Every structure is written in structure tokens, then in C-alpha cells.
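Visitor: Submitted below is the structure of interest, expressed as C-alpha cells.
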Amino acid sequence: MRYLGVTLLILPGTLLLSACSGSGTEDLDEWMKNETASFRSHIDPVPAIQPYTPFVYQAYDMVDPFSSSKIQQIKGKGANSPDPNWKKEALEEFDLDKLLMVGTLNNKKEGMLALIKAPSGELFKAKTGNHIGRNFGVITSIDDTGLLIKELVEDSNGDWSERGASLKLVEQERK
């Protein structure tokens with residue numbers, strides 16, 4: 001009985017598939033041929049390869065824009081440029097963001113002094129007029145909350161300009 005049910009399902013499917021094949025599809029074949037003929041695309045031919053023409057460099061007598069000599073010609077010729085021969089002070093070795101102002105001293109002889117802690121842990125005393133930082137900084141004033149600095153910075157044209165900076169007193173927790 002079981003085989004009879006399977007046979008009854010397979011037999012009609014086979015008959016339907018065989019009915020679709022064979023004759024009667026000529027008009028379908030003709031229609032497909034006509035439709036696909038209009039789908040042909042046009043491909044342009046590959047362009048001809050142009051022969052290589054080398055570039056002749058004729059600016060040998062001009063300054064090379066990538067050489068360091070061009071940079072050296074400009075450097076240090078601007079207005080407000082610092083004295084290249086001055087004797088560097090200890091606090092000029094460090095970037096300002098690495099230095100900490102940890103206290104002040106008021107000395108009758110020297111006036112207000114700032115205590116500056118270097119990244120190495122060393123403490124330095126600094127007064128107004130001392131140089132600090134890597135940008136030719138000079139301490140202009142010191143008070144109980146921090147110190148003000150005038151720096152000289154160079155732009156890409158070799159001109160020097162002043163800019164202000166400061167170090168604020170760092171409050172440390174007592175243990």
C-alpha cells in the first residue's frame with residue numbers, strides 16, 4: 001500500500017514534465033532569440049598605448065625645495081630672534097609641561113622665588129628673569145599661585161613672535 005501511494009505521486013509528476021518537453025516550444029525559442037538580440041552591448045576598443053616621453057629637468061641652478069640648506073638660509077633671520085650664543089640655564093632642558101611649580105619662597109635679598117620640580121625629581125629655584133622651557137622662555141612674574149612666562153616661537157617663515165605661557169602652583173596632598 002505504501003508503494004502504491006508513492007507511485008501515484010511520481011507518475012503524474014513524470015507525465016507533467018514530459019508534456020512540457022518536445023514540440024510546442026518553437027514560438028518560445030523564437031521569442032527568446034529576438035529578445036536577447038537587443039541585449040548585445042557595445043565595448044569600445046582598447047586605446048592605443050602612447051609612447052613614453054621622459055621629462056627633462058632643467059632647474060639645476062635653483063635651490064632644491066627639499067634640501068636642508070634652504071631651511072638654514074631662513075632660520076634665525078627674523079625679527080625678535082633670540083641670541084644664539086647665550087648661556088643656557090638648567091630649566092631650559094625641559095618642556096614646560098614636564099615641569100611642576102611646587103612652592104614659593106619670599107627672600108628679602110632676591111624677592112619672590114619659585115620652586116620648580118623637574119621630571120628627574122630635582123628641585124630648582126627660579127626668579128623673575130630666569131630662562132625656562134625649550135622655547136626661549138623668560139619668567140616675567142611670580143606670585144603665590146603660579147608664574148608667567150614669555151616665550152619666543154619661530155614660524156615657518158623664520159619670523160619670531162612672543163607668546164605667553166604659565167605654570168600654576170601644584171597643590172599636593174598631605175599624608
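Visitor: Putting +1 on Lys and Arg Cβ atoms and -1 on Asp and Glu Cβ atoms, find which of 112, 141, 161 reaches farthest to the positive end of the dipole of region 101-175.
Guide: Most positive-ward Cα: 112.
Visitor: May I pose another question? How far is it, in nm, from the label point at residue 49 to the one at residue 32 when both lie 7 Å from their Cα along the line to the Cβ?
Guide: The two pseudo-label positions are separated by 4.2 nm.
Visitor: Would you mind calculating the gained length between residue 102 and residue 63 on full extension (0.36 nm times residue separation, minus the Cα-Cα distance), in nm to one decimal?
Guide: 9.0 nm
Visitor: Provide the gained length on full extension for the span residue 152 to residue 166, in nm with one decimal, where the gain is 0.36 nm per separating residue minus the Cα-Cα distance.
Guide: Working: separation 14, 0.36 × 14 = 5.04 nm, distance 1.37 nm.
That works out to 3.7 nm of additional length.
Each value in this text was obtained by applying a stated rule to the coordinates, not by laboratory testing. Keep in mind it's a predicted model, so treat the numbers as computed, not measured. Using ideal geometry, Cβ is built from the backbone for each residue, glycine included, and neighbour counts are taken over all protein chains shown.
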